[in-house]
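The values are calculated or read from the model by the stated rules, or taken from the named source; none is laboratory data. Source: prediction; values computed, not measured. For neighbour counting, all protein chains shown are included, and Cβ atoms are generated from backbone atoms with ideal geometry for every residue, glycine included. In case anyone asks, the SASA skips ligands and DNA or RNA and just uses the protein heavy atoms, side chains included. Shrake-Rupley method; radii C 1.70, N 1.55, O 1.52, S 1.80 Å.
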Amino acid sequence: MLGNTSIEQNRSMRPGYGLAALSRGEPLVPWAFQRRELRPNDIAVKIQFCGVCHSDLHAIRGNSRFPLVPGHEMVGEVTAIGANVTKFQIGDAVVVGTIVDSCGHCSSCKRQLEQYCLEGVTTTYDGIDRHDRSITRGGYSNEYVVDTHFAYHLPAGLDPASVAPLLCAGVTTWSPLRHWEVGPGKTVGIVGLGGLGHMAVKFARALGAHVVVFTTTPGKLDDAKALGADEAILSTDKAQMASQASRFDFILDTVSSRHPLDPYLRSLKLDGTLCCLGIPKDLDFSPVFLTIGRRRLASSGVGGTLETQEMLDFCSQHNLAADVEIIAAEDINEGFERLERGDVRYRLVIDMATLNAPAEDIARS
């Protein structure tokens, strides 16, 4: 492995800028940095829209590498291509998601399930580049450089801003719905109606399932039906929850905060599955409810290249995309505050045309 000095001497860089948390918990500010130059299979993407994910908020408040440029739901335009690129041309509209590299040779990668790479994925931001060991900087920026294997054509007929969240919220819910074969004849529960939950409702309905939303917010009951749910249940109502016993083939739980799982486990049929996407720090459930009915408690990662392309094709065919609110780059910190208090219906997307370069000279990252 190269040492830090050798890395800086041997890698070719291009100037960039974006919004960064300079240290843990600090507000995002304009920050200049350097990206790597294109390799033979790379494209450079001028970022036009970038979704705001709850994991971005967790990252700037967690044990990340700082300075940190978040953002992993990108839509943009190809501005340069590497020598070996045939998949894209300059001017193409493209989307980029949460993973930008993997080992490419393990059993998971060979199945295009790169999210389960046995050697670990390279994430879109706060990851370590597998070639030069530089830190990846995310999509809250003017440009991104990415291997074409992890870039996709913008789906035809969809609004670009509303496509951005499909690269995380979309494929994260699509992957388990497809893996557990959600479709006609299946009764499916969706727990939570946020960025992930609202996409899960749309997908499950379009796949042909009978869809039931569970929410703690009375005001979201009508919203759930407007999004396509057949029923909406107030999960704080014990009588309503008791009436759901042994009813569901599959329940997708999108809530990231700690909450009791027993009511949902009791709601599963024989051999039913409760898939938790939010992964709270501590799971609150009684294992005995797994033995009653041979039920399963499972989870799922984001999505590999095969599933992502399948999901984008499905969205184009069924005219599906996220419900978004577009914000200016300067409003990102207020956006995080709204996200934390649940005041977003259902995904914020930054208009990157509003991003201004910082006045200071380009710094070396």
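A compact table of results
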quantity: Å² of accessible area per residue within the range 186-244, as computed with a 1.4 Å probe and no ligands counted; calculated: 36 Å²
quantity: Solution diffusion estimate, µm²/s, Stokes-Einstein, the range 216-279, Kirkwood Rh from C-alpha pairs, 4 °C, viscosity 1.567 mPa s; calculated: 103 µm²/s
quantity: Residues of the range 65-149: accessible area per residue with a 1.4 Å probe, Å²; calculated: 40 Å²
quantity: The range 25-126 - charge dipole about Cα centre, Lys and Arg +1 at Cβ, Asp and Glu -1, debye rounded to 20; calculated: 160 debye
quantity: FRET efficiency for residue 79 and residue 37, using Cβ-Cβ distance with R0 set to 22 Å, rounded to 0.05; calculated: 0.95
quantity: Anisotropy class of the range 143-222 from Cα gyration tensor, a/c 1.5 cut; calculated: prolate
quantity: Projected area, mean over directions - the range 83-221, Cα convex hull, nm²; calculated: 11.2 nm²
quantity: Packing rank of 280-287, 52-59, where each peptide gets the mean count of other beta carbons within 10 Å, highest leading; calculated: 52-59, 280-287
quantity: Approximate spin-label separation residue 217-residue 26, in nm, with each point projected 7 Å along Cα-to-Cβ; calculated: 3.2 nm
quantity: Listed pairs 87/110; 46/110; 202/238; 46/87 exceeding 21 Å between Cα atoms; calculated: 46/110; 202/238
quantity: With every protein chain in place, the range 180-309: carbon and sulfur % of accessible area (1.4 Å); calculated: 54 percent
quantity: Residues whose placed amide H lies under 5 Å from that of residue 348, excluding near-sequence neighbours; calculated: 52, 325
quantity: Pairwise label distance in nanometres, residue 328 with residue 245, each label 7 Å out on the Cα-Cβ vector; calculated: 5.7 nm
quantity: Whole-Å semi-axes of the ellipsoid equivalent to the chain (Cα gyration tensor, √5λ, descending); calculated: 37, 21, 20
quantity: Segment residue 296-residue 86, length gained on full extension (0.36 nm per residue, minus Cα span); calculated: 71.2 nm
quantity: 222 nm mean residue ellipticity, helices alone, for the chain (DSSP H n ≥ 4; -39,500 (n - 2.57); rounded to 500); calculated: -6500 deg cm²/dmol
quantity: For the range 184-255 and the range 256-270, distance of Cα centres in Å; calculated: 13 Å
quantity: In sequence order, calculated HN-Hα J values of the range 218-228 (Karplus, 6.51, -1.76, 1.60; Hz; x Gly/Pro); calculated: x, x, 9, 4, 5, 4, 4, 5, 5, 7, x
quantity: Sites residue 133 and residue 262, calculated FRET efficiency, Cβ-Cβ separation with R0 35 Å, nearest 0.05; calculated: 0.15
quantity: Residue-by-residue Karplus 3J(HN,Hα) for the range 20-36, coefficients 6.51, -1.76, 1.60, Hz, glycine and proline x; calculated: 9, 8, 6, 8, 4, x, 7, x, 6, 9, x, 8, 9, 8, 10, 9, 6
quantity: Extension gain, residue 14 back to residue 284 (0.36 nm per residue minus Cα-Cα distance, nm); calculated: 92.4 nm
quantity: Accessible area in the full protein assembly, largest first, 1.4 Å probe, for 308, 354; calculated: 354, 308
quantity: Residue-wise HN-Hα coupling along the range 57-70, computed from phi with Karplus coefficients 6.51, -1.76, 1.60 (Hz; x: Gly, Pro); calculated: 5, 4, 5, 6, 10, x, 8, 8, 8, 10, x, 10, 9, x
quantity: Burial ranking of peptide ranges 128-134, 152-158 (average Cβ count within 10 Å, highest at the top); calculated: 152-158, 128-134
quantity: Extended-chain gain in nm, criterion 0.36 nm per residue less alpha-carbon gap, residue 337 and residue 110; calculated: 77.7 nm
quantity: Accessible area expressed per residue, the range 261-306, with surrounding protein chains retained (probe 1.4 Å, Å²); calculated: 48 Å²
quantity: Shape metrics for the range 14-117, restricted to C-alpha atoms - Rg then Dmax, Å; calculated: 15.5, 42
quantity: Order by protection proxy (mean Cβ within 10 Å, highest first), peptides 64-73, 332-341, 258-267, 203-212; calculated: 64-73, 203-212, 258-267, 332-341
quantity: Amide H contacts of residue 191 (H built 1.01 Å from N, under 5 Å, at least 5 apart or other chain); calculated: 214, 252, 253, 254
quantity: With Cα atoms, 0 to 90° folded angle of helix 305-318 axis to the chain main axis; calculated: 70 degrees
quantity: Backbone N under 19 Å from the residue 58 label point (7 Å along Cα→Cβ), restricted to the range 160-178; calculated: 165-177
quantity: Neighbour net charge for residue 244 - beta-carbon separation under 13 angstrom, K R +1, D E -1; calculated: 0
